[in-house]
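What follows is a single structure, written as structure tokens, with notes after it.
The values are calculated or read from the model by the stated rules, or taken from the named source; none is laboratory data. Computed from a predicted structure; not experimentally measured. Here the Cβ is made from the backbone with ideal geometry for all residues, glycine too, and neighbour counts use every protein chain on show. Surface accessibility is based on the protein's heavy atoms, side chains included, excluding ligands, DNA and RNA. Shrake-Rupley method; radii C 1.70, N 1.55, O 1.52, S 1.80 Å.
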Amino acid sequence: MFTKPVLLVIAHGSRDPRHAATVHALVRRVRSLRPDLRVETGFLDFNIPSVQGVLESLAAEGVRDVVALPLLLTRAFHAKADIPTVLRDAPPQLRIRQAEVLGPSPLLLAALERRLYEAGLTPADKSSTGVVLASAGSTDPEAIAVIAEIAREWRHTGWCAVRPAFASAGSPAGFPRTEDAVAELRALGCARVAVAPYVLAPGFLPDRIARGAAEADVLADVLGAAPEVARLLSERYDAARAPVLAAVGA
């Protein structure tokens with residue numbers, strides 16, 4: 001019997017079946033990491049179960065406490081508008097705390113490097129390799145600023161250079177596409193260029209990133225069910241639950 005609040009992982013959803021499969025693989029890893037937790041998954045769109053459906057099922061079972069964790073890398077529209085709206089419509093007997101989004105975090109940088117090394121790079125390649133930090137993109141200034149700051153921080157860990165890139169056509173004009181960032185790193189003189197998708201699961205925009213990486217030497221996989229990502233979900237859950245524990249002295 002689980003006694004802690006249920007962890008509800010909220011994913012965006014996609015028509016691409018690889019998206020849901022990757023989300024479920026990540027949730028399985030979280031369950032193996034945290035056998036003390038009940039972990040459920042809900043989707044905002046395209047896939048089932050829906051977030052609303054999961055919340056109604058939990059309420060019908062008698063569950064009272066839920067930590068809703070957005071499976072998002074930045075605090076853009078979905079985190080600021082869509083998810084709070086869905087949670088406000090939850091059954092009133094549920095006490096729901098919304099956890100912070102996943103990024104930024106050193107664990108995500110560690111996961112990005114894991115994927116680059118799995119794609120063929122080694123730590124010895126860092127100083128001669130330029131990296132494109134390829135995100136889905138956003139029109140939200142806060143999200144854009146976070147991506148740019150992550151690229152700056154990552155550069156200081158030893159890579160030849162790191163450039164952010166954006167896959168979405170909705171990103172502000174002047175922000176580089178993946179292929180533009182690859183060309184820029186070539187012109188800078190990096191011996192090799194790698195593209196690191198800063199996305200959690202496959203889909204339309206990650207496929208666009210992959211096409212933009214055609215002239216790169218290395219294309220890493222999406223973050224997916226990397227162990228660092230699973231650990232980060234666990235940490236975000238604990239952080240969201242901490243104020244409750246302090247209030248009751250648990």
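Computed from the C-alpha gyration tensor, the three semi-axes of the ellipsoid equivalent to the stretch 1-159 are 33, 18, 14 Å, from longest to shortest. Each label point was placed 7 Å from the Cα along the Cα-to-Cβ direction; for residue 85 and residue 15 their separation is 2.1 nm. Here's the picture: charge each Lys and Arg Cβ at +1 and each Asp and Glu Cβ at -1 in the chain, and of 69, 156, 48 the one pushed furthest to the positive end of that dipole is 69.
Contact order normalised by length for the chain, with contacts defined as Cα pairs under 8 Å and 6 or more residues apart; what percent is it?
Averaging sequence separation for qualifying contacts and normalising by length gives 23 percent for the chain.
Extension gain for residue 214 to residue 45 (0.36 nm times residue separation, less C-alpha to C-alpha distance): 57.8 nm. Along its three principal directions, the equivalent ellipsoid of the stretch 10-49 from the Cα gyration tensor extends over semi-axes of 20, 11, 5 Å, largest first. With a cut-off of 20 Å on the backbone N, the residues of the stretch 1-36 near the modelled label site 7 Å out from residue 52 along Cα-Cβ are 8-15.
Given a 1.4 Å probe and the protein chains as shown, residue 82 ends up with an accessible area of around 50 Å². Each residue, residue 187 and residue 239, gets one label point 7 Å from its Cα in the Cβ direction; the gap between the two is 3.7 nm. Here the scattering of the stretch 138-237 is modelled by Debye summation over its C-alpha atoms, one equal scatterer each and no solvent; at q = 0.10, 0.11, 0.13 Å⁻¹ the log10 of I(q)/I(0) is -0.29, -0.35, -0.49. Which distance in Å, rounded to a whole number, links the C-alpha centroids of the stretch 186-235 and the stretch 150-164? Spelled out, the Cα-based centre of one part sits 14 Å from the other.
Once the Cα atoms are used to define both axes, helix 141-155 deviates from the longest principal axis of the chain by about 60 degrees.
Once you reduce the stretch 59-88 and the stretch 99-137 to the center of their Cα atoms, the two points are 27 Å from each other.
The Cα atoms of the stretch 36-99 define a convex hull whose projected area, averaged across directions, is 4.6 nm².
Measuring with a 1.4 angstrom probe and ignoring ligands and nucleic acids, residue 175 comes out at about 80 Å² accessible.
Give me the net charge of residue 157's neighbourhood, meaning all other residues with Cβ under 12 Å from the Cβ of residue 157; Lys, Arg count +1, Asp, Glu -1.
Values: positive: 126, 152, 155; negative: 113, 153.
Taking every Cβ under 12 Å from that of residue 157, the sum is +1.
Summarised in one figure, the compactness ratio Rg/Rh of the stretch 67-159, Cα atoms and Kirkwood Rh, is 1.10.
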